[in-house]
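Engineer: Before anything else, here's the structure in question.
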Amino acid sequence: MGPVLNGLIKLQSIENQLRAVKAKLNRCRRNVIIQENQVRTLQSALEAKKEEMQLTTIQSDHLELELKTREEYISKLRTSLNGAKTNKEYAAVLSQLNTSRADNSKIETQVLDLMKDIEADKAECDKIRQQIEEQKQLLEKTRKESEQLAVKYEAQITVIQTQWDQVAADIPPEQLGTFKRVTETYDGEAIAIVGEEEGKTRTYNCGGCFMGITIESVNLLLTKDEIIRCPNCTRILVMDTTKEN
């Protein structure tokens, strides 16, 4: 292989380094976003719980107001009971009084249940607030660590990108354009090493998709310095330079 293919092999190695560092940079930034989302999720949960508690409080207030009104009614029934002039009138008022008392007892039970729910909601709100505070502290720590790592990774990217540009400058535009297109297709892996199948002489395959490669293609790689692409996956084929000499 000549300078073009050797240059592409070197460029592929640098491309791998560049993408690896960029992936680290993206991960450390994504960690901050994940922590921010967790804070927002907890804050949403807190608002939902507060709204639920508010609705329960309104319901409880309505029942207590109803109890107050019904107590006034019961007070009037007691007065009517004391002033009853006949047994029939007394019995009728007493029946209404007992029914009202029973209904009030049910409402009082509902109010007590609602008060328990409100207390439980308050405790849950306090718990979520604590979780928010802890998550914010973790977010701040993650953000600081991410900023420090970002500086480190961005410096590495600058150095590696400079190396990439230097190597790319020696590769003809057409071949470099092909490399870039295949790189984008295969997430950075544009180069595939031609492999020889074990136990079979002069039988070759693509190291990317493992489909067969003709001997003619291999001979071209050995004798000419031009791009030969796998007919199946379209990666750029190269020979294994570690086996040369």
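Engineer: Which is at pLDDT 95 or above, acidic (Asp, Glu) and either touching a Lys or Arg at 6+ places or on another chain (Cβ under 7 Å) or over 30 Å from residue 35 (Cβ atoms) (or both), of 51, 108, 72, 124?
Structural biologist: Selected residue: 124, the only one of 51, 108, 72, 124 that is at pLDDT 95 or above, acidic (Asp, Glu) and either touching a Lys or Arg at 6+ places or on another chain (Cβ under 7 Å) or over 30 Å from residue 35 (Cβ atoms) (or both).
Engineer: Also, quick follow-up: Go through (1) at pLDDT below 95; (2) in contact with a Leu (Cβ under 6 Å, 6 or more places away or on another chain) for residue 160 and report which single condition fails.
Structural biologist: (1)
Engineer: Exactly one condition in (1) touching a residue at least 24 places away in the same chain (Cβ under 8 Å); (2) under 30 Å from residue 29 (Cβ atoms) is not met by residue 192; state its number.
Structural biologist: Failing condition for residue 192: (2).
Engineer: Report, by residue number, each residue of region 10-69 that is of a type in the set (Val, Ile, Thr) and in contact with a Phe, Trp or Tyr (Cβ under 9 Å, 6 or more places away or on another chain).
Structural biologist: Within region 10-69, 14, 21 meet the criteria.
Here's the yes/no breakdown for (1) part of a helix (DSSP H, G or I); (2) touching a Cys at 6+ places or on another chain (Cβ under 7 Å); (3) among the acidic types (Asp, Glu):
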residue: 5; (1), (2), (3): yes, no, no
residue: 15; (1), (2), (3): yes, no, yes
residue: 21; (1), (2), (3): yes, no, no
residue: 25; (1), (2), (3): yes, no, no
residue: 37; (1), (2), (3): yes, no, no
residue: 44; (1), (2), (3): yes, no, no
residue: 50; (1), (2), (3): yes, yes, no
residue: 56; (1), (2), (3): yes, no, no
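Engineer: With respect to residue 39, is the statement that it is in contact (Cβ under 8 Å) with a residue 40 or more places away in the chain and touching a Pro at 6+ places or on another chain (Cβ under 9 Å) true?
Structural biologist: Details: in contact (Cβ under 8 Å) with a residue 40 or more places away in the chain: yes; touching a Pro at 6+ places or on another chain (Cβ under 9 Å): no.
When the stated conditions are applied, residue 39 does not pass them.
Engineer: I'd like to check something: does region 60-78 contain any residue that is surrounded by fewer than 14 Cβ atoms within 10 Å (Cβ to Cβ) and among the aliphatic types (A, V, I, L, M)?
Structural biologist: Yes.
Engineer: Whether any residue in region 70-91 is in contact (Cβ under 8 Å) with a residue 60 or more places away in the chain and in a helix (DSSP H, G or I) is what I want to check.
Structural biologist: no
Engineer: For the structure I just gave you, tell me whether residue 216 is over 16 Å from residue 15 (Cβ atoms) and in the same structural domain as residue 15 (by TED's automatic domain parsing).
Structural biologist: No; evaluated as a whole, the condition is false for this residue.
Engineer: Mind checking which residues of region 213-230 are farther than 13 Å from residue 195 by Cα and either under 38 Å from the mean Cα position of the chain (by Cα) or in a strand (DSSP E or B) (or both)?
Structural biologist: Scanning region 213-230 gives 228, 229.
Engineer: State whether the residues of region 135-155 include one that is part of a helix (DSSP H, G or I), modelled with pLDDT under 90 and hydroxyl-bearing (Ser, Thr, Tyr).
Structural biologist: No, the conditions are met nowhere in region 135-155.
Engineer: Of the residues that make up region 188-196, is at least one in a loop (DSSP other than H, G, I, E, B), within 33 Å of the chain's Cα centre (by Cα) and among the small types (Gly, Ala, Ser)? Spell out how you get there, then give the answer.
Structural biologist: Going residue by residue through region 188-196, those that are in a loop (DSSP other than H, G, I, E, B) are 188-190.
Among the residues that remain, those that are also within 33 Å of the chain's Cα centre (by Cα) are: 188-190.
From what's left, among the small types (Gly, Ala, Ser): 188, 190.
Yes, region 188-196 has at least one match.
Engineer: Within region 188-217, take every residue that is of a type in the set (D, E, K, R) and over 12 Å from residue 235 (Cβ atoms) and give me the one that is surrounded by the most Cβ atoms within 10 Å (Cβ to Cβ).
Structural biologist: Filtering first and then ranking leaves 196.
Engineer: Out of curiosity, is residue 159 more than 30 Å from residue 30 (Cα to Cα) and more than 26 Å from the chain's Cα centre (by Cα)? Steps first, please.
Structural biologist: Values: more than 30 Å from residue 30 (Cα to Cα): no; more than 26 Å from the chain's Cα centre (by Cα): yes.
Taking the combined requirement at face value, the residue does not satisfy it.
The values are calculated or read from the model by the stated rules, or taken from the named source; none is laboratory data. Everything numeric here is computed off the predicted structure, so don't read it as measured data. Note that each Cβ is placed from the backbone with ideal geometry, even for glycine, and that neighbours are counted across all protein chains shown.
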